[in-house]
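Throughout, read-outs are computed from the coordinates displayed, never taken from laboratory work. Nothing here was measured: the structure is a model prediction, and the numbers come from that model. Ideal geometry is used to build each Cβ from the backbone, glycine not excepted, and the neighbour counts take in all protein chains shown.
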Amino acid sequence: MSLHLKSKLPNVGTTIFTEMSLLANSNNAINLSQGFPDFECSPEIKEAIHKAVQENHNQYAPMQGILALRERISEKTSGLYGRTYKPESEITVVPGATIAIFTAILCCVQPGDEVIVIEPAYDCYVPAIELAGGKAVFSSLQLPDFSINWQEIKKLINDRTRLILINSPQNPGTSVISSSDVDQLNELTRGTEIFVLSDEVYEHMVFDGKQHHSLAAHEELSERSFIVSSFGKTYHVTGWKTGYVLAPEFMTREFRKVYQYNAFCTFTPAQFAFNEMLKDESSYLQVSPFYERKRDHFQSLIKNSSFKIIPCSGSYFQLVDFSSISTDPEIVFAKKLTTRFKIAGIPLSSFYHNKKDQHLLRFCFAKKDKTLEMAAEILNTISKENYEE
C-alpha cells in the first residue's frame, strides 16, 4: 500500500520569487526580482546585535517579545500616528511579517468566512486564508494609478465577510492609500463584524511628500485592525526576519493563542538590536528619502529605454510596462529577459489569482547604485527589434 498525502494547498507550487531567483543565479543574471537589498546594513545595527550576543542575550525571548522593545514600539507608534498601544497586551514581536499575516488570518478566519483580497496581492495572503478554511474574494486595483475600487469592494461585502486585507505602501502596485481611502474603509466596516488586516511593512518608504496613512492613526479602524510592520524592511536586514503586530487587547489575546504554537518567539539578539536602533528616530525617518533617491536614480537611468515607467509612490519596487517591446505574456518575457539579457524581474501576473496579464514587470531598486547602473545599461539596450531576433 502506497501512502497518499492530500494537499491542503493543491494549487500552490514554488513561489515566483524562488523560481526567478534560481533562474537568475543559474544564468548569472542581475537579480532585481526578489525584494532584498544587496548593500550592507548600518554599522550601528551590526554593533548593536554583536553587543546583544556578547551580553548573552541568546536564549528564548518572551513569547510576546522583550518588554523593552515593545515599549519602544509603543513610543514610536504614538509619536508617528497618535495612538498608544499597550506594550504588555497590544504589541507582539514576531519572526517576520509573513508569519504575522498568517497568524492574524488563522486567529480570526473561521471555515466558510470570506476575506476580501485586493490584487495585485503579495503571495502569502491567499494560502493562509485557504489553510484557515476561508474563501478569498478579489477586487483589483484600478490602473493607471493602482487605486482601490471601493464600489467593487462594497459589492463584495456580505454577512460572510470576516476580514479585509489592506496593503500600503502596496507591493507590487507601489501606490499608497489616501485619507479618503481610510475614510471609505471605515464607512464600509462601521457597525459590522469585519476585521481589517493592514500590511504596512513598507511604512517608511513613502515618496514625493505623500504621507503614510497607518490605520493605527484612525480612532475607529484601529479598534478592528491587525497592523503589521517589519524591522527587516526598515533596517535593510530582511534575513533577520523580525517584525511586529499592533492590535487591540481582545484581538491580541487571540493572536497570541495561535502564535505561541506556530513560532512561540523570535530571534532574541535582533530584538535587543532593534531596541537600540529605535532610540534614534532618524534611523527610521531617513528611510523614505534614502529610497526616494534610489527610485529617482533608477528612473533617470532608464527614462530613455523602451520600457514605460509606472509611477511609484512607495515601497522599494518599480513597475515597468514592456508592451512596446513585446506582446509575450509577462512570465515568458520575464524568463527571456533573465536567460537572454541577464536581468531578472517579477511578472505582475504572479500577484493575481487569475494570472491577469498587463505587460508589466516589477523590479527591486533596493540595490547598490552600481547594481542599478549595470541593470539599466542592459535595460536600455532592449528593443522590439533585438528582443524578437
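Can you check how the C-alpha radius of gyration of the stretch 211-328 compares to 2.2 N^0.38 Å, as a plain ratio?
1.41
For the chain, what is the per residue volume of the convex hull drawn over the alpha-carbon atoms, in cubic angstrom?
162
Sort M251, M374 so that the residue with the fewest other Cβ atoms within 10 Å of its own Cβ comes first and the one with the most comes last.
Lowest count first: M374, M251.
Listed highest first by mean packing, meaning other Cβ atoms within 10 Å per residue, what order do 174-187, 16-29 come in?
174-187, 16-29
Mean separation of Cα pairs under 8 Å and 6+ residues apart, divided by the residue count of the chain: what relative contact order is that in percent?
This gives 24 percent for the chain.
Can you tell me the length gained on complete extension of the stretch A68 to K279, counting 0.36 nm per residue apart and subtracting the Cα distance?
Fully extending the segment from A68 to K279 adds 74.9 nm.
Loop only by DSSP, 16 or fewer other Cβ within 10 Å of the Cβ. Give me the GluC sites (Glu not before Pro) in the stretch 46-141 that pass, ordered by residue number.
Within the stretch 46-141, the qualifying GluC sites (Glu not before Pro) (loop, at most 16 other Cβ atoms within 10 Å) are E55, E88.
Out of all DSSP beta bridges with both ends in the chain, state the antiparallel percent to the nearest 5.
50
Which of the trypsin sites (Lys or Arg not before Pro) found in the stretch 1-59 are loop residues per DSSP with 16 or fewer other Cβ atoms within 10 Å of their Cβ?
K6, K8
How long is the gain from D328 to K86 if the chain were fully straight, where each residue apart is worth 0.36 nm and the alpha carbon distance is subtracted?
So the extension gain works out to 81.9 nm.
Quick one: if the Förster radius is 56 Å, what FRET efficiency do T18 and N158 give, using the C-beta to C-beta distance and rounding to 0.05?
For R0 = 56 Å, the calculated efficiency reads 0.95.
I want to check the label-to-label distance for M1 and R340. Put each point 7 Å from Cα in the C-beta direction and report it in nm to one decimal.
5.3
Return D113, D280, D296 ranked ascending by Cβ neighbour count within 10 Å, so the fewest neighbours appear first.
Ordered by Cβ neighbours within 10 Å, fewest first: D280, D296, D113.
Order of D38, D159 from fewest to most other C-beta atoms within 10 Å?
Least crowded to most crowded, the residues run D159, D38.
Hey, how many Å between the Cα centroid of the stretch 1-73 and the Cα centroid of the stretch 346-389?
Between the Cα centres of the stretch 1-73 and the stretch 346-389 lies a distance of 24 Å.
For the stretch 90-139, what is the per residue volume of the convex hull drawn over the alpha-carbon atoms, in cubic angstrom?
78
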